Amino acid sequence: MNYDFRNIEKKWQEKWVKEKSFQAIDFHPTKPKYYVLYEFYNISGNLHMGHLKGTIPADALARFKRFQGYNVLFPIGGDAFGLPAENAAIKKGINPHDFVRNGMKTVLDQSKMLGLSFDYDRTICTSDPEYYHWTQWIFLQLLKHGKAYKKKGVVNFCPNCQTVLSNEDSQGGKCDRCGGDVVQKEREVWFLKMKEYSEKLLENVDRIQMAENLKEAQRNWIGKSEGMQVAFDLFDDKDEKVGQIEIFTTCIETIYGITFVVLAPEHELVDKLKDKIKNFDEVEKYRQKTALRSEFDRISDLKEKTGCKLEGLYVVNPVNNAKVPVFLADFVLASYGTGAVMAVPSHDQRDFDFAKAFGIPMIQVIDGDCSTCAVEKKEYLAKNSKMMNSAEFDGMPVREAKKKIAEKTIAMGVGKRQINYKMQDWSFNRQRYWGEPFPVIFCDHCGTVPLDEKDLPLILPETDDYLPNAKGDSPLSKVTDWVNCKCPKCGRPARRETDTMPNWAGSSWYWLRYCDPHNDKALADFEKLKYWGSVDCYTGGTEHITRHVLYAFFWQNFLYEIGAVPTRDPFIRKMGSGLILDDQGKKMSKSSANGVSPLEVIEKYGTDAARLHVHFLGGYEDNTPWTYDGISGITAFLDKVWSLQDMVKGDGVSKEHIFELNRLMKKVTEDLEDLKLNTCISAFMIFVKKIRDDKFITKEELRQFLILLNPLAPHITSEIFERVFGSQILDETWPKFDEKFLIEDSINLPVQVNGKLKQVISVARDISQEELLKIIYEKYPEICSEDDVKKVIHIPNKIVNLIVAK
RNA sequence: GCUGGUGUGGCGGAAUGGCAGACGCACGGGACUUAAAAUCCCGAGGAUGAAAGUCCGUGUGGGUUCGACUCCCACCACCAGCACCA
């Protein structure tokens, strides 16, 4: 009889939910804690293949750790505020409130169909007032501690979603949500001072256990760079000093080669020295042209240098008093460093291109061929080339000169060491309806007034008019009786902030809330936070690694500093789930032609088969192309597992199987810890083949086998266990392997001649070299003759290599 | 361009200094069957050979080593991230 997955899986799924089989216990008196986290569900529709790939290893780990005697916290929730949910709701013409309510029910029901052992009593949803109460509370703390500020500036704007976006949300000049081009717009924006945390975030990246490519992506995004900041005096055409320009450089060694200085078009000095600039009209025209160029435009004509000279101004190079012209150009970014650079065309390709376009002379200061392109840092540092045209540094190797020139500028009082970061402050508001309202009131008398903590949560008002509008004003601005309010300080009429927080707000602290999801006094009880501590293993996609995970580090660092949480690191280990690819090798999505739903696989083959199949296809962190090919091997395996119950003979562990059983325990225990499910599954297949060859399994062997397999295939194993043993598998504990049973008396030893395999012979374990050679020469004369052997390399119980003369 | 990762049969993939291709799919042969499906057993990297065997073989070329998919150097291809970051 084959395994009847339809009825059996349903039975167990209902039982687990009804009996709350997977509840985490706060402050468990005896069991140590283990916190497994799978990333929030995005509430925008059904679960997809990525969830099958992502959730199962986390579920297997949680089930495995429970058997090992841990008190496991394995929760789930919905990331329901923000653009993804709102856009999906608008597309379907459903009010986001209703959309999210239905969406949460859908993903939770579907989770149960995947057999996921979540503690459903801890389910949270970012758009619930009980939850966003504390998101707003965290914002108030950020504001109170000077980590949130509002500023007018040129920011990323998505004309399609009609909202401001953060840098993280507009990587590559494209909107993260809709994929459309992002433009630059001047707006009043809330920023969080994430840049201040750059160094701490880098430390977090160093500490977390995570794949190297993900760590590099984060380091790259933070973009730490060490260099010098140097002050240049600025003069007008009457040689009168009118100011100073601070530049940032990582190549101080080229300072004698400066032939011009470039400011970002937005640089503040331009407006300040308006009267001194002879060609201000032209300058203004250039600024207007570049200011509103989209990031996409800037990237697309990367190599084309544009700019505008500031007539009537010049700076003086402090090391040699050379007069140097000043330009504006948009290849210099206002947001990075000081927004001003010293240009050395001989040794920087961008400066080289600009000098060519504007007919600016060049001065070579480091050895090399600068005739067709710049000799850049990477090359001259690698060669440690010699200095030239650099006064007392001429002839010095460049690496030494770098140090000496830095010291010289410091001694002169014009230079200082400086570290810059690419990462910017986090622009934190969206002109959309579906998000957390800011707990902030604007009063003409008192300015920006934070709401009192006791007035939280500030409920998002319901309205029918929630669509974004072309002007980019928040839909909340039209809910006038909500907007107009009284100033909490002076009682005069005031108005509320009408922008809302980005979808990343709610996801930047949610793992903390799971520790105490129903607390209405604090974001979570401090002692409970202490008990559950850092997330032991955080699983989920890798696409948010430079957004969500950095935001998470930032907020937890902040909360730790103000004493709101007891731990600095949110996560100890982060595993990035690979993608399921379609037959084009692209990420499988609902829209792709052959997008297969996990529900379809479950319907056809059952949950356990779907769980095993998708993870037998490849490693957790690897991208794997989806195929039904091979699933017959999985269903055949499950049928064989099912038939084990008809092969039970005897009670204890048999001597025939003790080696294989212990080997299986060891392999499964290690592989589950590392989430290497594919090799783990193959170990089960090998064991089952052995049992079928021997045509029996003892009761005890079956008991242990079922426990080992339960984390991966929970339904079939629960059912067989109940049938054979009359009790519940969840009450069992993880079997422990014993190394002593893994040692076999006789081993198969490969014999090589000159490093080439000749024969595999069976010999006693720990055989001496003498005895071994005797056996080889006497029993296997065809391998080689004793006289030819010049040298023997014998690695006991592993290999023997005979070296013979040729 | 920079950074990181990956490269193994017809396919998905094992093996991280010691028997390359575990496990599974697809494939071939056989058993069972009136037949098919399912199931079970056997085979299988390539070349050559009747066979035993021999030679070749983990992107390419070099190196280290008794021994290299594994370590080192150079190059190629693909994937991902960043991209005028001074």
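The values are calculated or read from the model by the stated rules, or taken from the named source; none is laboratory data. Small disclaimer: the values here were computed from a predicted structure and weren't measured. Using ideal geometry, Cβ is built from the backbone for each residue, glycine included, and neighbour counts are taken over all protein chains shown. Surface accessibility is based on the protein's heavy atoms, side chains included, excluding ligands, DNA and RNA. Shrake-Rupley method; radii C 1.70, N 1.55, O 1.52, S 1.80 Å.
Here the condition is being open to solvent by less than 50 Å² (accessible area, probe 1.4 Å), farther than 27 Å from A:Y41 by Cα and in contact with a Gly (Cβ under 9 Å, 6 or more places away or on another chain); of A:V230, A:V164, A:V155, it holds for A:V230 alone.
Taking the stretch A:236-279 as the range and being of a type in the set (D, E) and part of a strand (DSSP E or B) as the test, the residues that pass are A:D236, A:E246. Within the stretch A:374-392, identify whether any single residue is over 43 Å from the mean Cα position of the chain (by Cα) and either in a helix (DSSP H, G or I) or within 13 Å of RNA strand B (Cβ to nearest atom) (or both), and answer yes or no. Yes: the stretch A:374-392 contains one or more residues that are over 43 Å from the mean Cα position of the chain (by Cα) and either in a helix (DSSP H, G or I) or within 13 Å of RNA strand B (Cβ to nearest atom) (or both). Filtered by the rule that a residue be among the hydrophobic types (A, V, I, L, M, F, W, C) and not in a loop (DSSP other than H, G, I, E, B), the stretch A:89-104 gives A:A89, A:I90, A:F99, A:V100, A:M104.
Please verify whether the stretch A:202-214 includes one or more residues that are assigned to a loop (DSSP other than H, G, I, E, B), touching a Lys or Arg at 6+ places or on another chain (Cβ under 7 Å) and over 30 Å from A:P159 (Cβ atoms). There is at least one residue in the stretch A:202-214 that is assigned to a loop (DSSP other than H, G, I, E, B), touching a Lys or Arg at 6+ places or on another chain (Cβ under 7 Å) and over 30 Å from A:P159 (Cβ atoms). Please work out which residue is nearest to A:N503 (Cα to Cα), limiting yourself to the stretch A:63-88 and to residues that are under 24 Å from the mean Cα position of the chain (by Cα) and assigned to a strand (DSSP E or B). Restricting to residues being under 24 Å from the mean Cα position of the chain (by Cα) and assigned to a strand (DSSP E or B), the top hit is A:D79.
Of all residues in the stretch A:607-625, exactly one satisfies the criterion of being near RNA strand B (Cβ under 9 Å from one of its atoms) and among the aliphatic types (A, V, I, L, M), namely A:L617. The set of residues in the stretch A:362-373 being open to solvent by 60 Å² or more (accessible area, probe 1.4 Å), away from RNA strand B (no atom under 16 Å from the Cβ) and not hydroxyl-bearing (S, T, Y) consists of A:D367, A:D369.
Can you name every residue in the stretch A:137-152 that is farther than 12 Å from A:S427 by Cβ and open to solvent by less than 60 Å² (accessible area, probe 1.4 Å)? Residues satisfying the conditions are A:W137, A:I138, A:F139, A:L140, A:Q141, A:L142, A:L143, A:G146, A:K147.
Return the total of residues in the stretch A:468-488 being part of a loop (DSSP other than H, G, I, E, B) and at pLDDT 85 or above. Residues that pass the stated criteria total 4. Only one of the listed residues (A:L661, A:L675) is of a type in the set (A, V, I, L, M, F, W, C), under 24 Å from A:K65 (Cβ atoms) and away from RNA strand B (no atom under 14 Å from the Cβ). That residue is A:L661. Pairs meeting the criteria (first residue in the stretch A:355-375 and farther than 20 Å from A:L310 by Cβ, second residue open to solvent by 60 Å² or more (accessible area, probe 1.4 Å) and not in a loop (DSSP other than H, G, I, E, B), beta carbons under 7 Å, at least 6 apart or on different chains) are A:D367/A:K386; A:G368/A:E379. Here A:A340 meets each of (1) open to solvent by 20 Å² or more (accessible area, probe 1.4 Å); (2) out of contact with any Lys or Arg (no Cβ under 9 Å at 6 or more places or on another chain) with one exception, condition (1).
Of the numbered criteria (1) away from RNA strand B (no atom under 16 Å from the Cβ); (2) modelled with pLDDT of 90 or more, the one A:Q288 fails is (2).
Of A:E436, A:E453, all but one fail to be among the acidic types (D, E) and buried (at least 22 other Cβ atoms within 10 Å of the Cβ); the exception is A:E436.
The residue pairs whose first member lies in the stretch A:574-595 and is at pLDDT below 85, whose second member is open to solvent by 100 Å² or more (accessible area, probe 1.4 Å) and within 13 Å of RNA strand B (Cβ to nearest atom), and whose beta carbons are closer than 7 Å, counting only pairs six or more residues apart or on different chains, are A:L581/A:K587; A:S592/A:K586; A:N594/A:D583.
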